[in-house]
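Visitor: One structure, pasted below without further comment.
Every number here is computed from the coordinates shown, using simple stated rules; none is lab data. Note that the coordinates shown come from a computational prediction; the quantities given were computed from them, not determined experimentally. Cβ placement follows ideal geometry from the backbone for every residue including glycine, while neighbour counts extend to all protein chains displayed.
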Amino acid sequence: MPNILGLNYDNLNREQTLAKICGHIDRGDKIIRADINVGTITSSQNDRKLLDFINACDIVNMDGAGALMGAAFLGLPKPERVTGVDLFLELLKVSEKNSYPVYFLGATKDTLDLLVKKTKSKFPNLDICGCHDGYFWGSESKVIEDINSSQPKILFIGIKSPEKEYFQTDYRQAINANLIMGVGGSFDVVSGKIRRAPALIQRLGLEWLYRIYQEPRRLWKRYLKSNSKFALLLAREKIKRLNNGGKND
């Protein structure tokens, strides 16, 4: 399995990822799917719990143009970009077709209400067996009890990082869903609360810039810090590899 700056990832495209997920669900397996981007990679350098979580996941996709460019810079396999929001929508479609009950965990109650409404409009036969907002800290056992009593095949977690990774690390064994998948801000996008970047900007790998455009005060410092740190990490790793004769250890 390829590894970028300590994080494992799968060399899978979206179609292969969907096929692998459905195979696990149909066999009754219990798996976790995650993705990595520049923010995840840089944060994991000083967050062992986050790093260990990613490396223990069953499927890890690249969800970030910066991460893909970093992989190419280091001479690593560069898979197709599989974004959380695109895979989320594809899995909703598959879940409607295959009768997989789904559970939404995260965001605010208002956002969840919009998400359920829009999802049911697009996928009228989808079984949304339950949902709960993301403000449950201190009551995790009650939330897990609700999830398990709802009997979902797929649990989608729309909570920011690294909280969603910590939650999955701590409660993976207690949750009975076949697939647990963190989707970050996908609930906000699908509900219509946040606009997704136009297709051209997505293809150019500039969605991060579009997000800054929408929320400049909140995001510009975060992206500047993570992107600068990532560039430095890549440069150091490139020099290390060159000194080792170009080997991808």
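Visitor: What ranking of 239, 128, 157, 194 emerges when the number of other C-beta atoms within 10 Å of each C-beta is taken as an exposure proxy, fewest first?
Guide: Lowest to highest Cβ neighbour count: 239, 194, 128, 157.
Visitor: What does DSSP give for the chain in terms of the percent of beta bridges that are antiparallel, rounded to the nearest 5?
Guide: That works out to approximately 10 percent antiparallel.
Visitor: For residue 1, project a label point 7 Å along Cα to C-beta. Then give me every residue of segment 49-82 with its amide nitrogen under 11 Å of that point.
Guide: Only 52-61 pass the distance filter.
Visitor: In addition: Please arrange 33, 27 by counting, for each residue, the other beta carbons lying within 10 Å of its beta carbon, fewest first.
Guide: So the residues, fewest neighbours to most, are 27, 33.
Visitor: Using only alpha carbon pairs under 8 Å that are at least six residues apart, calculate the relative contact order of the chain and give it in whole percent.
Guide: 21 percent
Visitor: Taking the Cα of residue 170, stepping 7 Å toward and past its beta carbon, and measuring to each backbone N in segment 114-149: which are under 18 Å?
Guide: 132-148
Visitor: If you don't mind, there's one more thing I want to ask. Subtract the Cα-Cα distance of residue 146 and residue 90 from 0.36 nm times their separation in residues, and report this length gain in nm to one decimal.
Guide: The residue 146-residue 90 span can extend by a further 17.7 nm.
Visitor: What residue among 129, 82, 38 has its Cα farthest toward the positive end of the dipole of the chain, where the charges are +1 on Lys, Arg and -1 on Asp, Glu, each on the Cβ?
Guide: Among 129, 82, 38, the one farthest towards the positive end of the dipole of the chain is 38.
Visitor: What does the charge dipole of segment 13-243 about its Cα centre add up to, to the nearest 20 debye, if the Cβ of each Lys and Arg holds +1 and the Cβ of each Asp and Glu holds -1?
Guide: Result for segment 13-243 is approximately 920 debye, rounded to the nearest 20.
Visitor: Still on this model: A 21 angstrom limit on the alpha carbon distance is what I want to check against. Which of 160/193; 93/142; 97/193; 49/229 exceed it?
Guide: On the way: 160/193 15 Å; 93/142 29 Å; 97/193 27 Å; 49/229 19 Å.
Flagged as over cut-off: 93/142; 97/193.
Visitor: Please work out how much length the chain gains when fully extended from residue 240 to residue 225, using 0.36 nm per residue of separation minus the C-alpha to C-alpha distance, in nm with one decimal.
Guide: Residue separation times 0.36 nm, minus the Cα-Cα distance, leaves 3.1 nm.
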